[in-house]
1. Less than 13 Å Cβ to Cβ from Asp106, Lys/Arg counted +1 and Asp/Glu -1: what total charge do the surrounding residues give?
2. In the chain, what % of DSSP beta bridges are antiparallel (nearest 5)?
3. Among Ala356, Ala42, Thr180, which residue has its Cα positioned farthest towards the positive end of the charge dipole of the chain, with +1 placed on the Cβ of Lys and Arg, -1 on the Cβ of Asp and Glu, and the dipole taken about the Cα centre?
4. To the nearest 500 deg cm²/dmol, what mean residue ellipticity at 222 nm is calculated for the chain from DSSP H runs of n ≥ 4 alone, each contributing -39,500 (n - 2.57), summed and divided by the residues?
5. Suppose we take every Cα in region 50-170 and form the convex hull; what volume per residue is that in Å³?
6. Under a point spin-label approximation (7 Å from Cα along Cα-to-Cβ), what is the Ile297-Asn72 distance to one decimal in nm?
7. Express in whole angstrom the spacing between the alpha-carbon centres of region 180-222 and region 5-79.
8. What nm distance separates the two modelled labels at Lys45 and Thr265, each placed 7 Å from Cα along Cα→Cβ?
Amino acid sequence: MTKIVMKFGGTSVESTGKIENVATRVKREKDKGHDIVVVVSAMGKTTDELSNLAFELAESPSKREMDMLLSNGEQVTMALLSIRLNAIGIDAISLTGAQVGLITDDIHRNAKILKLDPAKIDSLLDSNKVVIVAGFQGISEEGEITTLGRGGSDTTAVAIAASIKAEICDIYTDVDGIYTSDPRYIENARRLEQLEYDEMLELANLGAGVLHPRAVEFAKNYKVPLRVRPSYKDGEGTILKEEVDVENNLVVRGVAFESDIVRLTIEYEVPFNGSLASIFTTLAANHINVDIIVQSIVDGVKPAVSFSIKKESLAETITVLETHKQELGFTFADFEVGLSKVSIVGSGMVSNPGVAAQMFDRLRKENIPVKMVSTSEIKVSVVVPQQHMIEAANALHDEFDLALTHQSVQ
């Protein structure tokens with residue numbers, strides 16, 4: 001029998017009525033003869049609501065206790081869905097991440113999956129049960145409940161699909177696929193029928209919220225066929241694969257944007273003498289993610305390094321830098337808020353020189369200042385003032401013809 005993993009996000013299960021709809025969809029797939037594993041998120045805004053309760057009681061709640069608290073959201077959903085499936089004649093069982101043996105490291109609130117033994121799930125599938133798993137959570141080797149960070153249910157679903165060798169992992173969401181950009185903000189954004197893993201990985205890391213970056217990385221590493229589909233209607237959505245059809249490929253395939261970016265600048269009185277490596281080693285040791293890095297060493301000017309982080313990491317980053325100021329050897333640190341990141345992504349950029357120049361020229365024409373730049377083979381990112389973020393994204397979406405109705409978007 002064909003094994004299928006079906007993942008449903010928070011908006012797809014935010015009420016008992018929507019859970020009934022999910023149960024109906026699962027039953028339809030089961031009636032086709034498939035072996036089904038369902039991964040669910042917490043209902044609607046449950047995670048936010050639980051988090052708000054914690055912050056009413058403490059300014060900085062224990063990360064361990066936050067994992068204990070937040071992991072309950074998905075458990076409510078899985079039990080309710082199992083109850084509904086059993087009520088309509090489908091033999092179903094719900095399991096936590098710990099119960100299915102999803103083992104993670106011990107980093108609370110942002111754990112990474114280390115291993116997942118498929119034996120228990122396979123045994124339950126062999127007994128013709130639909131297995132419902134709580135997404136977003138696992139258990140460390142020390143027996144501590146952990147969570148995988150925002151969007152971690154996607155990662156749970158892909159990890160399970162890889163471990164049980166599922167034919168496909170379907171991510172059901174409130175959009176009907178992956179678009180050239182966010183259709184809520186970008187005029188004439190269009191659905192892509194196909195997208196390469198690497199392109200989606202860049203888009204996910206650059207702010208596109210449809211899929212969790214770790215989920216895409218898992219899919220790429222284990223070659224799991226991954227499809228984003230609408231939960232509210234029938235539709236094929238967007239499928240991710242190793243390579244898309246070259247004849248239909250666009251040079252730029254998508255525009256992503258992310259708000260609340262902070263630029264930190266550190267100055268030295270003397271040359272770095274290795275301090276550059278020390279800074280980022282120290283930040284990494286404290287689990288602070290750094291994005292764009294710009295180093296400046298000019299004769300007659302104090303050496304400096306600038307880097308971008310997310311606003312939510314600012315307070316912790318400042319604390320770490322101040323704590324280690326003497327050993328890192330810098331004399332001055334400053335930060336700039338009110339920034340955003342806008343990026344273009346496309347595997348076609350590798351063989352098409354001049355894409356970055358075209359991007360910068362369009363931003364110049366729109367009078368949008370560029371604060372920082374980062375490039376790779378398949379993406380160019382710029383940091384711009386946050387008030388220009390949507391304007392810049394729309395301009396670049398237009399510049400690279402992503403909205404053209406006559407162009408095949410495959």
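The values are calculated or read from the model by the stated rules, or taken from the named source; none is laboratory data. None of the values given here were measured: they were computed from a predicted structure. Don't worry about glycine lacking a Cβ; one is built from the backbone with ideal geometry, like all the others, and counts go over all protein chains shown. For accessibility, only protein heavy atoms count, side chains too; no ligands or nucleic acids. Shrake-Rupley method; radii C 1.70, N 1.55, O 1.52, S 1.80 Å.
1. Details: positive: Lys63, Arg64, Arg109, Lys112; negative: Asp67, Asp105, Glu141, Glu142, Glu144.
Taking every Cβ under 13 Å from that of Asp106, the sum is -1.
2. Values: 45 of 74 bridges.
That works out to approximately 60 percent antiparallel.
3. About the Cα centre, the residue reaching furthest to the positive side is Ala42.
4. Details: 12 runs with 140 residues, N = 410.
Taking each H run of at least 4 residues, the total per residue is -10500 deg cm²/dmol.
5. On the way: hull volume 12.6 nm³, N = 121.
About 104 Å³ per residue, rounded to a whole number.
6. Roughly 5.4 nm, to one decimal.
7. The distance from the Cα centre of region 180-222 to that of region 5-79 comes to 22 Å.
8. 3.8
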